[in-house]
Amino acid sequence: MEESELMAYREAISSTLADTYQRLYELPDPKLPVKYPRTPGYRPSPEDNPYNAWYWRCDIKGASSGKLRGKTVAIKDNTCVAGVPMMNGSRTLEGFVPDVDATVVSRILDAGGHIVGKSVCEDLCCSGGSFTAATGPVVNPHNKTRMCGGSSSGSAALVAGGQVDMATGGDQGGSIRIPAACCGIVGLKPTYGLVPYTGIMPIEFTLDHTGPMARTVYDTALMLEAMAGYDGGLDPRQPRDLKVPEYTLGLTGKIHNLKIGILKEGFGLKTSEADVDKTVREAAEQLGTAGGATVEEVSVPMHSDGMLYMKMICFKGAGTAARMYYDTTLQEAFSRGLKCHSNDLSKRGKLTRLIAKYLREDYHGIFYGKAQNLGRELCKAYDAALEKYDVLILPTIPKKALVFPQENAPLKEYLARASGSAPNTSPTNVTGHPALSINVGFSDGLPVGMMIVGRKFDEITVLNVAYAYEKIRDAEK
C-alpha cells in the first residue's frame, strides 16, 4: 500500500475502535454466581503434599444437605473457583485469581460437597504424563518412581492416595481416564455435553469434556448426578431436553442380559504390554463367566486412526467460536501470560502451539476440517458396533504407569513420555461417547485399567457394567 492508503486505513481503524470497542470495553461484563463464602486458602508445604498433587488448599463448605454431603472434593486446576488462585499447571497463569465459580463447582457445593483444594494438572493440560506442571512432577501413590498419567494427574493421585473422596477431571484426549488407569481408580469421561464445561479453561470446543473421578463406581455415579445437566444455554454443547437420571439407582450389578464387545483394535498395539492386554481381556471375560453377560470380540477398524483425528483437531488451537459463556478475565490473564511467559511453556505446550500455528497459517484449517469429517465417520462406526453390543471393552492405556523422563532428557524422549498413552482413549473424545476406566488388577505392583465405552447418554449402562465388575473383583479379594 502507498502511504496515503495506509493513513486512510489507520483513520478508519481508529474510528471503528472509538465507536464500538471502546463502548464494549466500558459495559459491565456479566459474571457467573458465587454462592458460598470462602477464604483464599494457601499453598501447602511439601510436608503436607506427599504426592505434589495439591496446587492450592482451601476450605469451601457447600449446602448443609445434599447427595455429596460429607464428601471431600478436589477441583482440577483448569477450573475456576472464585477467590482461589488458578494456574492450570502453567507459568502463563501464575498469580491469576478467578472471580467466578465454574458451573460444576456451584453444583458440587449445592449438593453439599466440601471443596478442600485445587489439584495440580499438567501445563495447560497438554500432557498424558505427570511431569510438565510448573509446580513439578506429581508422583504415583503406588510407586513414586512412576508417573500418575495426565493431564488430571493431581486429581488421580489425591483420590488414590486417600487425600479426598472424589475429584473433578478434564478430558480432551484421555486426561480423566489415563490417570485413573495409572492410579487404580475410577474415572469417567461423560457423553459430550452431559456435564457443562462452563467456567473451565478450554483446549478445543469439540473435544472438551469434564467429569468425575473417585475410588468406587458408586461415588463416581453419585458425583455425576451432581455435575450433569442443562446449564441454561451457557454451554451450547448441551441439548435443551437433556435428562439426568439418578445414576446410582441403576447400579444393580445385573448384566446377564447384556452383550459386551471386546474391541479387537484396542489390543496388540505397537506400544502394548502383554500383561496389560492379558489382564484386561481376562477381566472382560469374567463379566461373562461370573456376570452372565454375552462376551464376544468385535472389530472397529477406524478406532486405530482415532488419535490422529484428535491431534489434528487439537492442533487447531483453543477457542472455537460458539454462543457460550466466556470468562473474559481468564482470557485476558492468559493472553497477557502468553506474551510475558511464552518461553515458560512446557516443551509439549510449545510443540502444540508451533504445530497449530503452522497448520493454521499454511493450510488454513484443511486438516482440522478433514479430521472433523472423519471423526463423524468414526462416530458412525462406534454407533454401528454399539447397535449390536451394549458396551465395548478395551485397555484404557496400552502400558502400565511409566517412569519419569530423565532430567534434561532429549526432546524425543520427553515427548514420548508426555503423549504416548492416548491411542485408546482419544477416539471417544472425537466421537463424544461415554468412556470409563476401572482398575482390573495389578501387574508388577502397578494398576491396570479397563475402559468401558457405551452409547451416548447411556452412562447408566456403562456405570452398571463397571459396578458389576467391581463386585466380581472385590469378591475375589
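Which members of the range 233-267 meet the condition of being in contact with a Pro (Cβ under 9 Å, 6 or more places away or on another chain) and part of a loop (DSSP other than H, G, I, E, B)?
Residues satisfying the conditions are 234, 235, 237, 238, 267.
If we keep just the residues of the range 339-382 that are in contact (Cβ under 8 Å) with a residue 24 or more places away in the chain, among the polar types (S, T, N, Q) and assigned to a helix (DSSP H, G or I), which is farthest from residue 261 (Cα to Cα)?
By that ranking, first place goes to 342.
Open to solvent by 10 Å² or more (accessible area, probe 1.4 Å) and of a type outside the set (D, E, K, R): does that describe residue 196?
For residue 196, the condition - open to solvent by 10 Å² or more (accessible area, probe 1.4 Å) and of a type outside the set (D, E, K, R) - is not met.
Based on this model, can you work out whether residue 166 counts as in contact with a strand residue (DSSP E or B) (Cβ under 9 Å, 6 or more places away or on another chain) and farther than 16 Å from residue 449 by Cα?
Yes; evaluated as a whole, the condition is true for this residue.
Listed residues 11, 47, 5; which is assigned to a helix (DSSP H, G or I) and within 30 Å of residue 135 (Cα to Cα)? Working first, answer last.
Working: 11 fails: within 30 Å of residue 135 (Cα to Cα); 5 fails: within 30 Å of residue 135 (Cα to Cα).
Answer to the selection: 47.
So the check is Cβ under 9 Å with 6+ separation or different chains; which pairs have a first residue in the range 383-401 that's part of a loop (DSSP other than H, G, I, E, B) and a second one that's of a type in the set (Asp, Glu) and open to solvent by 10 Å² or more (accessible area, probe 1.4 Å)?
389/296; 390/458; 398/273; 398/277; 399/273; 400/273; 400/275; 400/444
Only residues in the range 460-471 that are farther than 16 Å from residue 396 by Cβ count as the first member; pair them with residues that are open to solvent by 10 Å² or more (accessible area, probe 1.4 Å) and charged (D, E, K, R), Cβ under 6 angstrom, at least 6 apart or cross-chain, and list the lot.
461/390
Six or more apart or on different chains, Cβ under 7 Å: which pairs go from a residue in the range 40-54 that's basic (Lys, Arg) to one that's surrounded by 10 or more Cβ atoms within 10 Å (Cβ to Cβ)? Could you list them?
Partner pairs satisfying both residue conditions: 43/56.
Which of (1) surrounded by 12 or more Cβ atoms within 10 Å (Cβ to Cβ); (2) at pLDDT below 95 does residue 68 not meet, given it meets every other one?
Unmet condition: (2).
Anything in the range 409-423 that is in contact (Cβ under 8 Å) with a residue 40 or more places away in the chain, closer than 22 Å to residue 276 by Cα and surrounded by fewer than 17 Cβ atoms within 10 Å (Cβ to Cβ)? List them, or say none.
420
Look at the range 90-100 and say how many of its residues are open to solvent by 10 Å² or more (accessible area, probe 1.4 Å) and either outside any loop (DSSP other than H, G, I, E, B) or of a type outside the set (Val, Ile, Thr) (or both). Let's see the steps before the verdict.
If we filter the range 90-100 for residues that are open to solvent by 10 Å² or more (accessible area, probe 1.4 Å), which is where we start, we get 91, 94-97, 99.
Now narrow it down to the ones that are either outside any loop (DSSP other than H, G, I, E, B) or of a type outside the set (Val, Ile, Thr) (or both): 91, 94-96, 99.
Result for the range 90-100: 5.
For residue 332, all conditions in the list (1) open to solvent by less than 50 Å² (accessible area, probe 1.4 Å); (2) within 30 Å of residue 82 (Cβ to Cβ); (3) not in a loop (DSSP other than H, G, I, E, B); (4) not polar (S, T, N, Q) hold save one; what is the number of the exception?
Failed condition: (1).
Scan the range 140-167 for residues that are among the β-branched types (Val, Ile, Thr) and open to solvent by 30 Å² or more (accessible area, probe 1.4 Å) and jot them down.
145
Using the structure shown, decide if residue 305 is modelled with pLDDT under 95, of a type in the set (Asp, Glu) and either open to solvent by 20 Å² or more (accessible area, probe 1.4 Å) or part of a loop (DSSP other than H, G, I, E, B) (or both). Spell out the reasoning first.
Working: modelled with pLDDT under 95: yes; of a type in the set (Asp, Glu): yes; either open to solvent by 20 Å² or more (accessible area, probe 1.4 Å) or part of a loop (DSSP other than H, G, I, E, B) (or both): yes.
Spelling it out, residue 305 is indeed modelled with pLDDT under 95, of a type in the set (Asp, Glu) and either open to solvent by 20 Å² or more (accessible area, probe 1.4 Å) or part of a loop (DSSP other than H, G, I, E, B) (or both).
I'm told residue 293 meets every condition in (1) without any contact (Cβ under 8 Å) to a residue 24 or more places away in the chain; (2) open to solvent by less than 20 Å² (accessible area, probe 1.4 Å) except one. Can you identify the failing condition by its number?
(1)
Conditions (1) among the hydrophobic types (A, V, I, L, M, F, W, C); (2) more than 25 Å from residue 123 (Cα to Cα); (3) not in a helix (DSSP H, G or I), marked per residue:
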position	(1), (2), (3)
412	no, no, no
416	yes, no, no
423	no, no, yes
428	no, no, no
438	yes, yes, yes
457	yes, yes, yes
461	no, yes, no
464	no, yes, no
467	no, yes, no
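Kindly indicate whether residue 444 is at negative phi and either open to solvent by 20 Å² or more (accessible area, probe 1.4 Å) or at pLDDT 95 or above (or both).
The answer is no for residue 444.
Among the residues of the range 319-329 satisfying the criterion of being at pLDDT 85 or above and open to solvent by 50 Å² or more (accessible area, probe 1.4 Å), which is farthest from the chain's Cα centre (by Cα)?
Top of the filtered list is 328.
Looking at the range 112-137, which of its residues are open to solvent by 10 Å² or more (accessible area, probe 1.4 Å) and closer than 23 Å to residue 229 by Cα?
114 - this is the single residue of the range 112-137 that is open to solvent by 10 Å² or more (accessible area, probe 1.4 Å) and closer than 23 Å to residue 229 by Cα.
Where the second residue is acidic (Asp, Glu) and surrounded by fewer than 19 Cβ atoms within 10 Å (Cβ to Cβ) and the first is over 19 Å from residue 422 (Cβ atoms) and lies in the range 441-457, which pairs have Cβ atoms under 9 Å and are six or more apart or on separate chains?
Pairs that qualify, where the first residue is over 19 Å from residue 422 (Cβ atoms) and the partner is acidic (Asp, Glu) and surrounded by fewer than 19 Cβ atoms within 10 Å (Cβ to Cβ), are 441/282; 443/273; 443/275; 444/275; 455/383; 455/387; 456/383.
Any residue at all in the range 200-211 that's in contact (Cβ under 8 Å) with a residue 24 or more places away in the chain and closer than 25 Å to residue 403 by Cα?
Kept after step one, since they are in contact (Cβ under 8 Å) with a residue 24 or more places away in the chain, are these residues of the range 200-211: 200-211.
Subset that is closer than 25 Å to residue 403 by Cα: none.
Taking every residue of the range 200-211 in turn, none turns out to be in contact (Cβ under 8 Å) with a residue 24 or more places away in the chain and closer than 25 Å to residue 403 by Cα.
The values are calculated or read from the model by the stated rules, or taken from the named source; none is laboratory data. Owing to the predicted nature of the structure, the values given are computational and were not obtained by experimental measurement. All Cβ positions, glycine included, derive from the backbone under ideal geometry; neighbour counts span all protein chains shown. Note: areas computed on protein heavy atoms with side chains; ligands, DNA, RNA excluded. Shrake-Rupley method; radii C 1.70, N 1.55, O 1.52, S 1.80 Å.
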